[in-house]
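The structure under discussion is supplied below as structure tokens; questions concerning it will follow.
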Amino acid sequence: MGDRTEALRNRVRGAFETGTPLSIEGGGSKRFFGRRPAGEPLAIGDHRGIVNHEPSELVLTVRAGTPVGETQAALAEHNQWLPFDPPRHDPASTIGGVVACALSGPTRPWTGAVRDFVLGTRIVNGRGDVLSFGGEVMKNVAGYDVSRLMAGALGTLGVLLEVSFKLLPRPARDRTRVFEMSAGDAILRLSGWARSPHPILGAFHDGDRLHLRLGGSEPAVAEAAERLGGEAGDGAVWETLRDHRLPFFADDGPPLWRLSVPAHVPPFDVPGSTVIDWGGAQRWVRSDAPESVLRSTAAAAGGHAVCFRGGDRERPFHPLDEGIAGLHARLKAAFDPGRILNPGRLYDGL
């Protein structure tokens with residue numbers, strides 16, 4: 001066990017014994033997300049580096065404090081990637097932060113979410129014990145699902161030390177097509193394309209135009225581009241969208257909401273402006289509308305709403321029903337009986 005791991009374990013163990021809350025910090029780039037952090041800072045940013053990368057096996061084990069950009073650069077040398085294309089809202093963004101927040105980029109509906117590629121984790125639980133779950137192969141099922149619990153837990157179940165991922169080769173060809181059309185027409189068009197075997201890797205509507213990303217073999221992409229039409233677009237737009245560098249995402253605007261709904265749902269009639277991502281399944285909304293309006297709108301469509309940035313930090317996430325809330329509470333009690341790890345960051349009382 002490395003010195004840094006031992007230091008983190010001892011710090012958590014001491015906090016458990018004294019009942020001292022800890023606020024886990026990697027690169028500090030996700031402070032805006034979730035409820036306000038509480039407790040003494042527990043820095044993991046220097047617990048970084050690639051532990052193991054087997055290009056021929058398409059697996060990677062990396063320490064949680066490793067910057068996302070550093071990880072992506074190392075994989076690019078072998079023409080590989082994390083297929084959920086983790087967002088970097090800040091250069092300091094770390095692998096642990098991406099997993100803890102369960103953040104996926106524009107490829108998510110076609111390649112999978114963060115938790116789909118997590119093979120294993122190594123954590124410090126709320127008692128200060130170092131635990132390992134899963135492994136580096138899919139058939140190592142012991143603890144596999146436990147590892148996936150860490151995706152989206154916002155550090156409330158454990159301090160991430162290492163994460164093992166399944167990788168994929170990067171597509172041989174990547175091409176962007178742009179179509180002038182309304183948001184409503186874009187959703188209808190995408191619903192039709194979803195029933196066809198087109199090699200789509202991204203689809204978002206910026207308010208005026210539909211951007212479509214095609215990725216795969218050279219012949220498949222060329223054929224799809226000819227069949228679907230549109231105009232040639234700038235492929236850099238996907239990184240700009242992923243990392244929230246479009247003008248729409250500027251921090252000086254109204255609260256930023258993320259509504260997750262079935263992809264075929266027509267555009268919402270809510271105050272504010274909207275960018276539609278994930279082929280219609282993710283609606284980014286800039287709005288000063290009351291929380292109740294946005295949540296009820298999403299719920300009526302069969303989805304949920306999260307206040308992603310700005311707004312009321314006391315209730316950023318969609319309320320849980322009684323059964324799910326009880327399950328969350330039991331998991332918290334099992335992993336963090338002293339309730340010292342990022343207390344209240346996800347929901348009040350967790």
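The values are calculated or read from the model by the stated rules, or taken from the named source; none is laboratory data. None of these values were measured; they are calculated from a predicted model. So basically every Cβ, Gly included, is an ideal-geometry build from the backbone, and we count neighbours across all protein chains shown. The area values use the complete protein model at the heavy-atom level, side chains included, leaving out ligands, DNA and RNA. Shrake-Rupley method; radii C 1.70, N 1.55, O 1.52, S 1.80 Å.
Does PHE317 count as under 21 Å from the mean Cα position of the chain (by Cα), not in a loop (DSSP other than H, G, I, E, B) and not β-branched (Val, Ile, Thr)?
Numbers: under 21 Å from the mean Cα position of the chain (by Cα): yes; not in a loop (DSSP other than H, G, I, E, B): no; not β-branched (Val, Ile, Thr): yes.
In short, no.
Considering only residues that are charged (D, E, K, R) and closer than 18 Å to GLY152 by Cβ, look in segment 314-347 and name the one that is most open to solvent (accessible area, probe 1.4 Å). Can you show your working first?
Here is the first cut: in segment 314-347, the ones charged (D, E, K, R) are 314-315, 321-322, 330, 332, 336, 339, 345.
Next, from what is left, pick out any that are closer than 18 Å to GLY152 by Cβ: 315, 321, 330, 332, 336, 345.
Values: ARG315: 127, ASP321: 96, ARG330: 156, LYS332: 4, ASP336: 0, ARG345: 19 Å².
Out of the qualifying residues, it is ARG330.
Being of a type in the set (S, T, N, Q) and part of a helix (DSSP H, G or I) is the filter here, so list the residues in segment 183-210 that pass it.
SER191
Continuing with the same structure: For the subset of segment 74-109 comprising residues that are within 30 Å of HIS198 (Cβ to Cβ) and surrounded by fewer than 18 Cβ atoms within 10 Å (Cβ to Cβ), which member is nearest to the chain's Cα centre (by Cα)?
ALA102
Determine whether SER196 is in contact with a strand residue (DSSP E or B) (Cβ under 9 Å, 6 or more places away or on another chain) and among the polar types (S, T, N, Q).
Working: in contact with a strand residue (DSSP E or B) (Cβ under 9 Å, 6 or more places away or on another chain): no; among the polar types (S, T, N, Q): yes.
So SER196 fails the test.
Determine, yes or no, whether GLY96 is over 20 Å from ASP174 (Cα atoms) and either out of contact with any helix residue (DSSP H, G or I) (no Cβ under 6 Å at 6 or more places or on another chain) or among the hydroxyl-bearing types (Ser, Thr, Tyr) (or both).
Yes, satisfied.
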